[in-house]
1. Which is β-branched (Val, Ile, Thr) and assigned to a helix (DSSP H, G or I), of B:Val518, B:Val549?
2. I need the full set of residues from the stretch B:264-307 which are more than 14 Å from chain A (Cβ to nearest Cβ) and either of a type in the set (Val, Ile, Thr) or assigned to a loop (DSSP other than H, G, I, E, B) (or both), in order please.
3. Any idea which of B:Phe434, B:Phe467 is at pLDDT below 90, touching a helix residue (DSSP H, G or I) at 6+ places or on another chain (Cβ under 8 Å) and within 30 Å of A:Ala138 (Cα to Cα)?
4. I'm checking my understanding of the structure. Among residues of the stretch B:473-494 that are of a type in the set (A, V, I, L, M) and over 18 Å from B:Pro437 (Cβ atoms), which one is surrounded by the fewest Cβ atoms within 10 Å (Cβ to Cβ)?
5. For the stretch B:1-27, give me each residue that is over 33 Å from the mean Cα position of the chain (by Cα), touching a residue at least 60 places away in the same chain (Cβ under 8 Å) and within 25 Å of B:Phe54 (Cα to Cα).
6. Taking A:Val134 and the conditions (1) more than 7 Å from every other protein chain (Cβ to nearest Cβ); (2) surrounded by 17 or more Cβ atoms within 10 Å (Cβ to Cβ); (3) without any contact (Cβ under 8 Å) to a residue 24 or more places away in the chain, which numbered condition does it fall short on, given that it satisfies the others?
7. Could you please let me know if B:Asn340 is touching a residue at least 12 places away in the same chain (Cβ under 8 Å), surrounded by fewer than 17 Cβ atoms within 10 Å (Cβ to Cβ) and under 30 Å from B:Leu204 (Cα atoms)?
8. For residues in the stretch B:203-234 being within 14 Å of chain A (Cβ to nearest Cβ) and in contact with a His (Cβ under 9 Å, 6 or more places away or on another chain), which is surrounded by the fewest Cβ atoms within 10 Å (Cβ to Cβ)?
Amino acid sequence: MRAMTNAKRIAAAIALLALAASPLVIAQVGYSQRAKEIGTHLKCQCRGCDMSAGLCAHPGGSFSGPCDTAKAMLREVDQHLAKGETEQQIIDAFVAEYGPGVYMEPPKKGFGLVAWLMPVVYSIVGFAIVIFIVRKWAVRPPSAAPASPAAPSDAMERARAQADRETED
Amino acid sequence: MDVFGSFTLLLAFVCAVYAFIGGIAAIKTRHPLLVKSTRQAGIATCVLIFIATFAVEYLLFTDNFSQAYVVSHSNRDLSAFYKVAALWSGQEGSLLFWSFLLSVYIISVLIVYRNKNGELMPYVGVILAGVQIFFLTLNNFVENPFKTLAIVNANGVLEPFTRMDGNGLNPLLQYPEMVIHPPNLYSGYTGFTIPFAFALAALLARYPGEKWIHLTRKWTMVAWCFQSLGILLGAHWAYAVLGWGGYWGWDPVENASLLPWLTGTAFLHSVMMQEKRGMMKVWNVWLVFCTFLLCILGTFLTRSGVVSSVHAFANSHIGPWFVAFLGITLFVCFAAYVKNRDYLKSENMLDSMVSRESSFLFNNLLFLIACIAVLSGTLFPVFSEWFTNNRISVGAPFFNKIMIPIGLAILFLTGVGPLLAWRKTSADSLKRNFGWPLIVGLLGAVGAFFLGYRNGASLLCLFLCCFVFWTIVEEFYRGAKVIKARTGMSMMMSAHELSMRNTRRYGGYVVHFGMVLVFIGLAGAAFNSEAQKAMNIGDSMKLGPYTLVLQSADTKAEKNYTAQRMIVEVLKDNKQLMMLYPEKRQFQGTEQAAGTMVAIYSTLQDDLYVVYAGMDPEANVPVIHAFLNPLVKWIWLGGVWIVMGTLLALMPNRRAALGVATVPETSTSTVAQALTPGVTLREGHD
């Protein structure tokens with residue numbers, strides 16, 4: 001019976017989509033360019049896409065360009081702009097209203113900072129490990145030391161390089 | 001047919017269990033009959049899965065609307081082409097399709113190697129059967145595709161029920177690429193099972209020699225090729241169908257497909273360290289293990305809906321099964337490693353910091369960092385919910401900021417790595433090898449700057465692309481020159497001969513060239529622009545060098561949908577260039593659904609991407625949304641080269657016959673000839 005409920009759920013989702021789509025309408029712009037720019041830092045809250053309100057082009061709908069949710073958000077941005085708020089204040093206001101799910105990228109404070117620090121930390125750790133390994137492996141056991149420490153002549157070096165090129169991957 | 005299908009699936013499960021348990025017994029007893037019978041059970045499992053898959057297709061093609069799966073994913077008017085694709089458009093069918101593709105690989109392996117690698121194959125068979133048991137458990141007991149519809153009648157008794165028509169296929173999936181993208185990606189995901197099985201089997205069996213690493217590498221390349229193609233086709237599908245003007249949105253499902261690709265790519269490089277120098281055996285085995293685990297994790301992310309995504313049609317309750325399977329696999333890998341780790345003893349020794357070896361180490365580091373960055377970013381919303389009870393979303397801007405530097409560093413190594421000699425590279429050879437590439441790179445960047453591509457990261461990317469491109473040209477040139485001197489063939493023929501003699505090395509360079517093209521395309525993303533306008537017939541709008549004029553609109557009725565079509569004339573420099581026809585389709589089915597058909601005018605310079613965005617409600621005129629995306633076409637061209645390069649690398653090396661020279665000999669070839677008269681010499685490896 002689960003298949004039935006699944007089928008129903010999918011049918012309901014399609015019906016919802018169709019409902020939103022059926023008149024094949026979108027409103028004309030109705031928001032400022034500045035709102036759109038700030039909107040690129042706010043996630044569209046339609047729950048149907050992972051796009052920002054500013055760049056929302058909600059896949060699969062009958063529209064391109066911002067969906068109704070995104071447009072409402074952009075108009076809200078314009079209201080904040082009219083009050084003279086800065087970009088950061090507006091983003092903060094949206095986070096207060098919708099929760100941290102409105103971020104397009106994690107905030108560089110609180111737990112969000114972890115997301116930003118993680119790649120930096122494991123890059124540093126990774127490089128440290130590789131450099132450590134290279135140095136460790138570079139220490140050759142005495143028996144493996146080159147038999148003739150004399151510097152190879154330039155011609156020899158070239159011949160060796162050519163041989164390497166021609167025989168190795 | 002549904003009962004038949006159900007039965008074959010169940011029988012496949014039984015056969016897989018026999019192949020698994022019998023296989024373990026065969027390894028213990030080494031009884032030849034038992035070995036043979038478990039191998040045949042493995043083959044029977046695959047055949048039964050094929051039959052079950054065809055049974056689902058039969059139900060789809062015969063419009064059997066008593067079947068829940070057919071009702072949910074098909075309808076009478078759906079064309080035959082998409083009825084094939086309906087198999088993988090839903091959860092149950094997708095998982096069966098996974099089993100199907102896995103079986104294609106497994107049956108090939110079991111048949112091709114039936115008389116080879118005698119000590120290794122029983123282990124491989126057991127591991128493959130184990131993976132099959134997991135997916136067959138899902139197919140049989142969790143997400144069975146053969147469920148019939150039933151309703152409770154007036155007497156309160158369940159009775160079968162047949163619908164008149166189905167709900168139809170999701171319009172997003174009614175696009176030719178959707179018929180080829182999932183099979184490719186799934187072939188990638190499933191394909192990584194084979195190298196995993198060989199690696200784990202070699203470890204468990206303590207298989208002597210290096211044969212297993214060659215087998216593992218070859219099968220990894222096959223899977224890698226499908227995975228690359230699947231990812232690029234997916235990107236193209238997103239670009240051409242979703243109508244948002246982009247091709248990569250760092251959606252969790254996209255990320256999931258990238259993860260095994262990254263570790264697989266790392267493995268294809270570091271495996272050379274093992275083959276040439278006997279180094280990094282432990283690392284390689286774990287890379288193969290991780291690649292397989294990431295494939296399962298990727299399927300889990302795609303199928304379980306644990307991270308919300310546009311692929312929401314794949315949501316279900318199969319999460320715990322995948323977590324359990326991941327846990328068991330990890331445990332087995334770890335146990336095998338701990339028990340037999342001395343088998344992987346390597347002779348790790350480096351002669352110099354500036355060598356091919358160390359460049360591979362950094363290459364692997366970067367791929368691993370990229371993989372962990374994508375993985376941790378994808379799972380961060382889940383982590384943040386665990387730790388803070390608030391779900392912090394992570395979107396495309398985050399991934400772009402993190403991945404651009406990593407991608408550029410990898411691109412840099414693509415150019416540098418192949419020029420470094422094994423063991424040690426002298427300062428002199430560095431100068432000789434890097435001089436021209438650097439000059440070409442700088443020229444490219446300066447040229448791009450004057451062409452208007454003025455963005456720091458993009459310029460750096462284009463510089464590196466030209467740099468890497470020239471290193472590849474030099475590699476071909478140098479090798480071809482040697483062959484030309486020996487054989488007197490033309491330069492082009494020499495380059496061809498060179499590639500055929502060491503397919504793996506030069507195939508690799510062709511893949512690198514494909515990646516250069518992809519990166520050129522990615523560099524263009526910084527210059528995307530767009531415009532949107534409600535237009536009356538005859539109105540125009542400008543975007544970059546193009547002027548779009550709405551000429552007219554019409555409606556066309558097809559069997560499965562009706563479309564509203566805008567007819568847009570494109571002008572460049574006031575000259576008519578072409579007509580574009582963006583559409584909006586209203587699909588039939590019991591539920592109405594709509595889809596967008598994007599019209600794209602694509603050139604090497606830019607893509608003009610036009611979407612009919614619907615009717616403006618107030619003015620009641622059509623809204624046209626246009627994007628100008630520079631250099632996108634290079635990405636798809638790069639994809640073609642990547643596939644060609646991989647195919648070249650998979651071909652066996654041509655044996656080079658010495659002594660066919662018609663021109664004066666160089667000293668080296670004369671010596672070689674004198675030493676080996678009439679003997680063929682096999683260059684390179686494999």
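The values are calculated or read from the model by the stated rules, or taken from the named source; none is laboratory data. Computed from a predicted structure; not experimentally measured. Virtual Cβ from ideal backbone geometry, glycine too; neighbours counted across all protein chains shown.
1. The match here is B:Val518.
2. Result: B:Thr265, B:Val285, B:Val288, B:Thr291, B:Ile296, B:Thr299, B:Thr302, B:Val306.
3. B:Phe434
4. Applying the filter and picking the extreme gives B:Met492.
5. B:Met1, B:Val3, listed by residue number.
6. Condition (1) is where A:Val134 drops out.
7. yes
8. Restricting to residues being within 14 Å of chain A (Cβ to nearest Cβ) and in contact with a His (Cβ under 9 Å, 6 or more places away or on another chain), the top hit is B:His214.
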